[in-house]
Amino acid sequence: KNLHKEFIPNYQLILSELAASNILPDNYIDDLWEYHKVQYSTQLLQFFSIFVSIAARLNVDKIQHLVTLCVKPNEITEAWLTFMGQLGERIGKRNDDKDSFLLIRDSIFPIAFPQPSPEQETEEQKAAKEKLTLTARDSLILILQYYLTPEELVNFSQQLGHKCNNPLLFFQLMVQPVSSTALENEGYCKELLTRSIDYLNDSTEGHKTIYT
């Protein structure tokens, strides 16, 4: 059933308290997740916020169950992708369940960097796909800083470098990870610095991102 949006803050408060007290059963979370299939699109993100509140206070041994549900929506939408960014940020700040966080990050990544569209796609389909791609990238920017060791930062940065045809997007995605995790690979530091200088020399856009 559709939850009345005015009651959602109450659900958030009550269910997060039950989660903190470890008396929120998995089967209740399962049943609650099923309701996302029948929510109005205009209030879907607000409905998803209930799960962000639960995730903030749920015992660590129950996090993966919740996340496994949440990464498998009935439909991939902008609301769900925004929710993935919010949930990923919440799990990232907890800093106690890397595996669950990676489920979230890995669910967003292919949408942020999709395969080329088939020729038979209509302009409307391409536009809808582009909206999902941009929303997924916004969510990635929120969460990429979490659960990265210095070595993983280098590996992930190189992976992004191969995926990103847009240099500015690459730097936008890397701002927070580089700010929060030390880059200990001197060779790669020099490579990033060279790329940054080349971009500044070749482009008049996005300089603030580089200076950050």
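The values are calculated or read from the model by the stated rules, or taken from the named source; none is laboratory data. Owing to the predicted nature of the structure, the values given are computational and were not obtained by experimental measurement. Glycine gets a Cβ as well: all are built from the backbone with ideal geometry, and neighbour counts include every protein chain shown. SASA here: full protein model, heavy atoms, side chains in, ligands and nucleic acids out. Shrake-Rupley method; radii C 1.70, N 1.55, O 1.52, S 1.80 Å.
Using a 1.4 Å probe on the protein heavy atoms only, what accessible surface does Val60 show? Give it in Å² to the nearest 10.
Around 70 Å² of this residue is reachable by solvent.
How many nm is it between the label spots at Glu151 and Lys72, if each spot is 7 Å from the Cα in line with the beta carbon?
3.2 nm
Explain nothing, just the number: dipole magnitude of segment 1-76 about its Cα centre with +1 on each Lys and Arg Cβ and -1 on each Asp and Glu Cβ, in debye rounded to the nearest 20. Walk me through the numbers before you get to the answer.
Numbers: 6 positive and 8 negative charges, 30 e Å.
It works out to roughly 140 debye.
How tilted is helix 78-94 with respect to the longest principal axis of the chain? Cα atoms for both, answer in degrees (0 to 90, nearest 10).
90 degrees
Using the alpha-carbon atoms, what tilt in degrees (0 to 90, nearest 10) does helix 98-112 show relative to the longest principal axis of the chain?
The two axes meet at around 70 degrees.
Which aspartates and glutamates have a Cα lying under 20 Å from the Cα of Lys62, excluding residues fewer than 8 positions away in the same chain?
Qualifying aspartates and glutamates at Cα under 20 Å: Glu17, Asp26, Asp30, Asp31, Glu34, Glu89, Asp96, Asp97, Asp99, Asp106.
Could you run the Karplus curve 6.51 cos²θ - 1.76 cosθ + 1.60 with θ = phi - 60° over segment 44-59 and give me ³J(HN,Hα) per residue in whole Hz, x for Gly and Pro?
5, 5, 5, 4, 4, 4, 4, 6, 5, 5, 4, 4, 5, 10, 5, 4
How many angstrom separate the Cα center of segment 74-89 from the Cα center of segment 1-46?
With segment 74-89 and segment 1-46 each reduced to a Cα centre, they are spaced 15 Å.
Let me have the relative contact order for segment 94-212, percent, based on Cα pairs under 8 Å that are six or more residues apart. Write out the running numbers ahead of the final one.
Numbers: 75 pairs, mean separation 29.5, N = 119.
Reported as a whole number, the value is 25 percent.
For the full complex of protein chains and a 1.4 angstrom probe, list His65, His36, His4 by accessible area with the highest value first.
His4, His65, His36
Using +1 at the Cβ of each Lys and Arg and -1 at the Cβ of each Asp and Glu in segment 14-155, identify which of Leu66, Phe109, Asn95 lies farthest towards the dipole's positive end.
Asn95
Using the Cα centre of the chain as origin and beta-carbon charges of +1 (Lys, Arg) and -1 (Asp, Glu), tell me which of Val178, Ala55, His162 is placed farthest towards the positive end of the dipole.
Going by the charge dipole, the pick is Ala55.
Between Glu123 and Ser21, take the C-beta separation as r, use R0 = 41 Å, and let me know the FRET efficiency to the nearest 0.05.
On the way: r = 52 Å, r/R0 = 1.26.
It comes out at approximately 0.20.
Grab the beta carbon distance between Gln43 and Ile197, set R0 = 41 Å, and tell me the FRET efficiency rounded to 0.05.
0.30
Between their Cα atoms, which of Lys131/Lys163; Lys37/Lys163; Lys163/Lys190 are more than 23 Å away from each other?
Values: Lys131/Lys163 18 Å; Lys37/Lys163 32 Å; Lys163/Lys190 20 Å.
The answer is Lys37/Lys163.
Build a GNM of the chain with springs between Cα atoms under 10 Å: which of Leu193, Leu45, Leu144 gets the top mean-square fluctuation?
Its mean-square fluctuation being the largest, the pick is Leu193.
In whole Å, what is the distance between the alpha-carbon centres of segment 169-203 and segment 116-165?
17 Å
Can you give the charge dipole size of the chain about its Cα centre, rounded to the nearest 20 debye, using +1 on the beta carbon of Lys and Arg and -1 on the beta carbon of Asp and Glu? Intermediate values should be presented prior to the final figure.
Details: 19 positive and 28 negative charges, 77 e Å.
That gives a dipole near 380 debye.
May I ask you to compute the full-extension gain from Leu168 to Glu34, defined as 0.36 nm times their residue separation minus their alpha-carbon distance, rounded to one decimal in nm?
Values: separation 134, 0.36 × 134 = 48.24 nm, distance 3.88 nm.
Value of the extension gain: 44.4 nm.
As a test of the formula, what do you get for the chain when each DSSP H run with n ≥ 4 contributes -39,500 (n - 2.57) and the sum is divided by the residue count, at 222 nm and rounded to the nearest 500 deg cm²/dmol?
Calculated at 222 nm, the ellipticity per residue is -22500 deg cm²/dmol.
Of Leu3, Pro25, Leu44, which is farthest along the charge dipole of segment 1-75 in the positive direction, counting Lys and Arg as +1 and Asp and Glu as -1 at C-beta?
Leu44
Working out 0.36 nm times the residue gap between Leu102 and Ser179, then minus their Cα-Cα distance, what length gain in nm do you get to one decimal?
Details: separation 77, 0.36 × 77 = 27.72 nm, distance 1.99 nm.
Between Leu102 and Ser179, full extension yields an extra 25.7 nm.
Under a 10 Å cutoff between Cα atoms, tell me which one of Gly187, Gly161, Gly88 has the largest fluctuation in the Gaussian network model of the chain.
Highest fluctuation among the options: Gly187.
Which whole-number percent is the relative contact order of the chain (Cα, under 8 Å, 6+ apart)? Can you show the working numbers first?
Working: 213 pairs, mean separation 34.3, N = 212.
Normalised by residue count, the contact order of the chain is 16 percent.
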